[in-house]
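**Q** Before I ask anything, here is the structure I am working with.
The values are calculated or read from the model by the stated rules, or taken from the named source; none is laboratory data. Computed from a predicted structure; not experimentally measured. Cβ sites come from the backbone with ideal geometry, for glycine too, and all protein chains shown count toward neighbours.
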Amino acid sequence: MELRQENAGAVAIVAISGRIDSNTSPQLERVLIDTIAAGAPRLVLDLTGTQYLSSAGLRILLLTAKQIERASGRFVLHGLCDRVRDVLDLSGFLSELKVCSDRTEAVAIAGA
Amino acid sequence: MANRMANCEQVELVIRNRIDELPRVIAALDALVQRHELPDAALDMHVALDEVLSNIVKYAYEDIDSHDIHVRLKVSSGQLEAEVEDDGKAFDPLHAIQPDRKPPLAERKPGGLGVSIVKRLMSEVSYTRAHGRNCITLTRRLDR
């Protein structure tokens with residue numbers, strides 16, 4: 001798994017390439033905790049390069065979403081492949097999250 | 001150890017009950033997928049094995065001893081199969097209680113979704129318990 005961090009105004013963007021599983025999810029958790037702690041929680045996760053997500057990754061997304069919700073921030077995902085979308089859907093989590101088809105829209109919603 | 005025939009291969013490995021052992025299984029699976037040029041559908045097996053093995057590592061043992069987990073990966077006639085055997089406490093994933101998927105975000109608790117994911121992604125899942133060992137067999141047909 002590779003993580004790339006960018007900023008678009010007040011919005012933090014974390015792009016995740018590769019696999020989010022029990023081995024890589026602790027690294028993702030550390031980065032997301034630091035990103036949220038660093039400022040106003042307006043976060044876009046770019047999953048365009050994400051091959052798959054296991055329940056270890058779901059756990060991180062759930063904790064992140066809850067933390068951002070408590071802080072009245074915004075959390076937006078985009079670039080979900082079918083395999084990732086399927087796992088989010090199965091968990092009942094897809095309907096709870098804001099998901100966009102492209103990055104421009106995701107950043108606009110997170111920054112609004 | 002690998003046993004290879006035309007379009008058919010079985011790889012066996014033994015890992016310890018530690019999360020940092022899981023990449024060895026994923027690497028063996030990657031190599032198998034590459035050698036047989038398997039389609040993207042094979043990635044479902046990566047997810048399922050991550051779920052099954054991390055579950056065993058986290059919950060199967062009540063002691064702090066080191067335990068062996070046996071993993072057999074097999075490619076044959078349009079399908080990918082994984083057999084995972086451990087000597088932990090009995091756990092039948094086919095009869096595990098599924099978590100409630102309906103509570104709102106703030107009330108959700110992480111965990112418990114791994115079994116649902118495995119069932120969804122695999123074509124077949126079977127479980128046996130014999131001689132104090134759990135054996136889970138995961139099958140992913142590669143034609144869908």
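**Q** Going by the conditions given, is A:Ala15 away from chain B (no Cβ under 14 Å) and touching a Lys or Arg at 6+ places or on another chain (Cβ under 7 Å)? If you could, list the steps in order and put the result at the bottom.
**A** Values: away from chain B (no Cβ under 14 Å): yes; touching a Lys or Arg at 6+ places or on another chain (Cβ under 7 Å): yes.
Yes: the conditions hold for A:Ala15.
**Q** Checking A:Leu62 against (1) within 14 Å of another protein chain (Cβ to nearest Cβ); (2) within 24 Å of B:Ala41 (Cβ to Cβ); (3) not small (Gly, Ala, Ser): exactly one of these is not met. Which one?
**A** The failed condition is (2).
**Q** Kindly indicate the residue of the range A:50-59 that is facing another protein chain (nearest Cβ under 7 Å), in contact with a helix residue (DSSP H, G or I) (Cβ under 6 Å, 6 or more places away or on another chain) and not in a strand (DSSP E or B) and also surrounded by the fewest Cβ atoms within 10 Å (Cβ to Cβ) among those meeting that condition.
**A** A:Ala56
**Q** For the range A:22-47, which residues satisfy the criterion of being touching a Lys or Arg at 6+ places or on another chain (Cβ under 8 Å) and of a type outside the set (A, V, I, L, M, F, W, C)? It would help to see each step written out before you state the result.
**A** Filtering the range A:22-47 for residues touching a Lys or Arg at 6+ places or on another chain (Cβ under 8 Å) gives A:25, A:41-44, A:46.
Selection gives A:Ser25, A:Pro41, A:Arg42, A:Asp46.
**Q** If a residue must be closer than 19 Å to A:Val14 by Cα and acidic (Asp, Glu), how many such residues does the range A:40-97 contain?
**A** 2
**Q** Taking the range A:2-31 as the region of interest, how many residues are touching a Gly at 6+ places or on another chain (Cβ under 6 Å), under 19 Å from A:Ala65 (Cα atoms) and part of a strand (DSSP E or B)?
**A** Selection size over the range A:2-31: 2.
**Q** While we're looking at this one, here's another question. May I ask you to list the residues in the range B:49-66 that are buried (at least 18 other Cβ atoms within 10 Å of the Cβ) and among the polar types (S, T, N, Q)?
**A** Residues satisfying the conditions are B:Ser54, B:Asn55.
**Q** What single numbered condition from (1) in a helix (DSSP H, G or I); (2) away from chain B (no Cβ under 14 Å); (3) touching a Ser or Thr at 6+ places or on another chain (Cβ under 7 Å) fails to hold for A:Asp34?
**A** Condition (3) is where A:Asp34 drops out.
**Q** When you go through A:Leu77, A:Leu88 one by one, which is the residue that is assigned to a strand (DSSP E or B) and within 14 Å of chain B (Cβ to nearest Cβ)?
**A** Numbers: A:Leu88 fails: assigned to a strand (DSSP E or B).
Unique residue meeting the criteria: A:Leu77.
**Q** Let me ask something else. Working only within the range A:11-32, note down all residues that are surrounded by 14 or more Cβ atoms within 10 Å (Cβ to Cβ) and more than 16 Å from A:Leu47 (Cβ to Cβ). Even if it seems obvious, please write down each step before you answer.
**A** The first filter runs over the range A:11-32 and keeps only residues surrounded by 14 or more Cβ atoms within 10 Å (Cβ to Cβ), leaving A:11-17, A:19-25, A:27-29, A:31-32.
Within the range A:11-32, A:Ser22, A:Asn23 meet the criteria.
**Q** Only one of these conditions is not met by A:Ala71: (1) under 25 Å from B:Val118 (Cβ atoms); (2) touching a Pro at 6+ places or on another chain (Cβ under 8 Å). Which number is it?
**A** Checking A:Ala71 against (1) under 25 Å from B:Val118 (Cβ atoms); (2) touching a Pro at 6+ places or on another chain (Cβ under 8 Å), the one that fails is (1).
**Q** Looking only at the range A:65-74, decide whether some residue is among the polar types (S, T, N, Q) and in contact with a Leu (Cβ under 7 Å, 6 or more places away or on another chain).
**A** At the first step, the residues of the range A:65-74 found to be among the polar types (S, T, N, Q) are A:67, A:72.
Keeping just the survivors that are in contact with a Leu (Cβ under 7 Å, 6 or more places away or on another chain) gives none.
No, there is no match, as no residue in the range A:65-74 is among the polar types (S, T, N, Q) and in contact with a Leu (Cβ under 7 Å, 6 or more places away or on another chain).
**Q** Which residues, counting only those in the range B:3-18, are modelled with pLDDT under 95 and either surrounded by 15 or more Cβ atoms within 10 Å (Cβ to Cβ) or small (Gly, Ala, Ser) (or both)? Steps first, answer last, please.
**A** Going through the range B:3-18, the residues modelled with pLDDT under 95 turn out to be B:3-8.
Within the range B:3-18, just B:Ala6 meets the criteria.
**Q** Follow-up. If you check A:Arg70 against the conditions, is it farther than 21 Å from B:Val47 by Cβ and either more than 12 Å from chain B (Cβ to nearest Cβ) or of a type outside the set (S, T, N, Q) (or both)? If you could, list the steps in order and put the result at the bottom.
**A** Working: farther than 21 Å from B:Val47 by Cβ: yes; either more than 12 Å from chain B (Cβ to nearest Cβ) or of a type outside the set (S, T, N, Q) (or both): yes.
Yes, satisfied.
**Q** A:Ala12: under 19 Å from A:His78 (Cβ atoms) and of a type outside the set (D, E, K, R), yes or no?
**A** Numbers: under 19 Å from A:His78 (Cβ atoms): yes; of a type outside the set (D, E, K, R): yes.
Yes; evaluated as a whole, the condition is true for this residue.
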